[in-house]
Amino acid sequence: KNQVEQSPQSLIILEGKNCTLQCNYTVSPFSNLRWYKQDTGRGPVSLTIMTFSENTKSNGRYTATLDADTKQSSLHITASQLSDSASYICVVRRYNTDKLIFGTGTRLQVFP
Amino acid sequence: IAGITQAPTSQILAAGRRMTLRCTQDMRHNAMYWYRQDLGLGLRLIHYSNTAGTTGKGEVPDGYSVSRANTDDFPLTLASAVPSQTSVYFCASSDSDRRTEAFFGQGTRLTVV
């Protein structure tokens with residue numbers, strides 16, 4: 001079954017600290033993996049997109065990694081800010097289709 | 001500002017009533033999608049359209065219909081709303097390249113009572 005699982009479900013950290021969010025998937029065949037940020041009451045906004053051949057991709061303080069062999073991805077946030085408080089959603093696209101499979105997200109709260 | 005717009009932002013609807021959620025994009029994207037987001041579940045695809053004039057069913061299409069008369073608009077209709085359709089609905093669009101990201105609207109929060 002094509003699934004995307006994220007951990008932890010929720011996370012609380014202090015401002016300035018780093019954190020890492022995990023995404024494991026069983027989607028096959030694999031096309032690409034995206035991380036989205038969703039602020040409360042808003043639609044998801046793309047942070048990164050990674051294909052099979054890409055291991056690491058950065059977007060400012062966000063760094064995504066992908067291990068296509070183990071079907072795992074992580075999103076590392078450096079020097080967190082209050083504005084990083086949001087849900088982070090991992091999304092995998094099946095190869096040669098338009099079908100996106102969404103994880104349930106990790107709810108991150110950054111406190112001062 | 002270019003993007004994707006949904007209306008209304010929120011709605012309370014009596015069960016059995018008909019409701020159309022509107023979605024408009026100005027990016028000239030070929031593909032458009034409707035998702036619902038429920039607590040504890042990932043976004044689930046209701047219907048999609050790869051290009052104007054064509055539509056397809058997603059994983060949870062029952063009780064919903066869509067049309068795609070032109071590139072910009074992709075309305076979602078609930079013919080006879082039921083409480084289980086209480087959810088947050090997101091419209092999204094992307095161009096034909098499957099590498100590109102999907103752009104999402106701000107969502108419509110629908111409560112069926």
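Numbers at a glance
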| quantity | calculated |
| --- | --- |
| DSSP-loop trypsin sites (Lys or Arg not before Pro) across the stretch A:1-97, with at most 15 other Cβ within 10 angstrom | A:1, A:17, A:42, A:61 |
| Burial ordering of A:92, B:82, fewest other beta-carbon atoms within 10 Å first | B:82, A:92 |
| Point-to-point label distance, residue A:96-residue A:76, nm (Cα→Cβ direction, 7 Å offset) | 3.5 |
| Charged-residue dipole, Cβ positions (Lys, Arg, Asp, Glu), the protein assembly as shown about Cα centre, Debye nearest 20 | 300 |
| Phi to ³J(HN,Hα) by Karplus 6.51 cos²θ - 1.76 cosθ + 1.60 over the stretch A:26-43, Hz, x for Gly, Pro | 10, 4, 8, x, 8, 10, 7, 10, 10, 10, 10, 10, 10, 6, 4, x, 10, x |
| Surface/4 of the Cα convex hull for the stretch A:5-60, nm² | 5.1 |
| For the stretch B:37-78: span of alpha carbons on each principal axis (Å, largest first) | 34, 17, 14 |
| Note, ³J(HN,Hα) from phi for the stretch B:100-113, Karplus 6.51, -1.76, 1.60, rounded to Hz, x at Gly and Pro | 7, 6, 8, 9, 9, x, 7, x, 10, 8, 10, 10, 9, 10 |
| Estimated FRET transfer efficiency (residue B:100, residue B:5; beta-carbon r; R0 22 Å; 0.05) | 0.70 |
| Within chain A, percent of DSSP bridges classed antiparallel, to nearest 5 | 90 |
| Chain A: Cα Rg divided by the 2.2 N^0.38 Å rule of thumb | 1.02 |
| Dipole magnitude (debye, nearest 20) for the stretch B:30-79, charges at Cβ of Lys, Arg, Asp, Glu | 60 |
| Spin-label model distance (nm) - residue A:107 vs residue A:59, 7 Å beyond Cα toward Cβ | 2.2 |
| HN-Hα J in Hz across the stretch A:52-63 - Karplus 6.51, -1.76, 1.60, θ = phi - 60°, x for Gly and Pro | 3, 8, 9, 9, 9, 8, 10, 9, x, 7, 9, 10 |
| Rg to Rh, two decimals, where chain B supplies the alpha carbon set and Rh follows Kirkwood | 0.95 |
| For the protein assembly as shown, projected area of the alpha-carbon convex hull averaged over all directions, nm² | 12.3 |
| Ranked list, fewest to most other Cβ atoms within 10 Å of each Cβ, for B:51, A:63, B:108 | B:51, A:63, B:108 |
| Simple label model, 7 Å out from Cα along Cβ direction - residue A:22 to residue B:39, nm | 2.6 |
| Straight-distance crosslink candidates among lysines, where the alpha carbon sits under 20 Å from residue B:57 and sequence neighbours closer than 8 are dropped | A:1, A:99 |
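FYI, it's all coordinate maths here, none of it is from the lab. Please read all numbers here as calculations on a predicted model, not as lab measurements. All Cβ positions, glycine included, derive from the backbone under ideal geometry; neighbour counts span all protein chains shown.
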